[in-house]
Amino acid sequence: MRIAVAGGTGQAGAQAVAVAKERGHDVVVLARSTGVDLVAGTGVAHALEGVDAIVDATGVQGKVDPTGFHKAVTASLTGAGATAGVRHLVVLSIVGCDRAASFALYGGKLAQEHATAAGGIPFTIARTTQFHEFARQAWKFAAFGPLHAAPRGRTQPVAVREVGARLVDLAEREPIGGRAPDFGGPREETFVDMVRGYRDAAGLRGPVIPVSLPGELGRAQRDGSLLPGADAELGVQTFAEWLTALRP
Ligand SMILES: NC(=O)c1ccc[n+]([C@@H]2O[C@H](COP(=O)([O-])OP(=O)(O)OC[C@H]3O[C@@H](n4cnc5c(N)ncnc54)[C@H](OP(=O)(O)O)[C@@H]3O)[C@@H](O)[C@H]2O)c1
């Protein structure tokens, strides 16, 4: 198959690209760094020529409104995709995004899901939990001098390599026309233990302070709303195994 991976240079997209190539698919990467701007809509029509399926693993970067970003990206993919005769659009989304949609990032993912459903190309929504790499991102981006904040809450993190394989699995199948079962990791963790585990495994120092985030997102993190559903399909690599691979 010819598969286009939008966001194919990102954390999840790069893994989907690697898996698709290993399986012998012909892969096209859609990203600004490969000459395709999906917000502006430039380069996309040419890049989608002959494509059977698109995987959308784009993510908003910097201070950009997530809803505007994902609506624009989806409009580019569905518009040019329909013209090119694309038969399947697989969209990477987040488990529980509808339960904390007042949080801008999750509201953007929900808007992306709705725009995909209205976009006219047969589709599958692939919701996954946080990647193990969340621990590294939280360590870096929630630092206040020597202190590192981590939200109180429950998660079931998944290996990003397995997310990449999941996206390609779904692209190879018939479109669901809705959501695939949630995809998460094999074990429940707390965000706080993940960030502390990352600090220790990476040989870093500094206190990790648990913080109860306010509002809908904080509640959803604490009450388990962001855990995969009862019919979820689960990956194999645990967070502890991911940490082991980090240790020198
Ligand atoms: N991180 C998690 O734990 C997690 C869990 C579940 C779902 N998700 C969702 O999965 C998606 C991917 O996450 P990620 O962490 O893999 O993202 P990421 O590493 O930040 O990658 C984002 C990708 O989007 C591309 N991109 C950004 N703006 C673009 C534009 N205007 N035109 C074309 N491409 C553009 C980037 O490439 P260029 O910079 O080259 O354009 C890059 O390839 C996100 O929507 C995220 O919400 C994330």
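The values are calculated or read from the model by the stated rules, or taken from the named source; none is laboratory data. As the structure is a computational prediction, the values presented were derived from the model and not from experiment. Cβ sites come from the backbone with ideal geometry, for glycine too, and all protein chains shown count toward neighbours. Just the protein is used for accessible areas: all its heavy atoms, side chains included, with ligands, DNA and RNA removed. Shrake-Rupley method; radii C 1.70, N 1.55, O 1.52, S 1.80 Å.
Label-to-label distance for D26 and R154 is 4.7 nm, based on points extended 7 Å past Cα in the beta-carbon direction.
For the set K21, K63, the ranking by accessible area, highest first and with no ligand, DNA or RNA atoms included, is K63, K21 under a 1.4 Å probe. Each pair of Cα atoms in the chain enters the Kirkwood radius, and Stokes-Einstein at 25 °C and 0.890 mPa s then converts it into a translational diffusion coefficient of 133 µm²/s.
Work out, step by step, the length gained on full extension between T83 and E49: first 0.36 nm times the residue separation, then minus their alpha carbon distance; give nm to one decimal.
11.3 nm
Computed from Cα atoms, the angle from the helix 66-84 axis to the main principal axis of the chain rounds to 30 degrees. Over the C-alpha atoms of the range 57-173, the Rg to Rh ratio, Rh being the Kirkwood estimate, stands at 1.01.
Each label was represented as a point 7 Å from its Cα along the Cα-to-Cβ direction; for R2 and I209 these points are 5.4 nm apart. With both labels modelled 7 Å from their Cα along Cα-to-Cβ, the Q137 to R173 distance reads 2.5 nm. Counted residue by residue at 0.36 nm each, then reduced by the alpha carbon distance between them, the extension gain from F144 to D200 reaches 18.3 nm.
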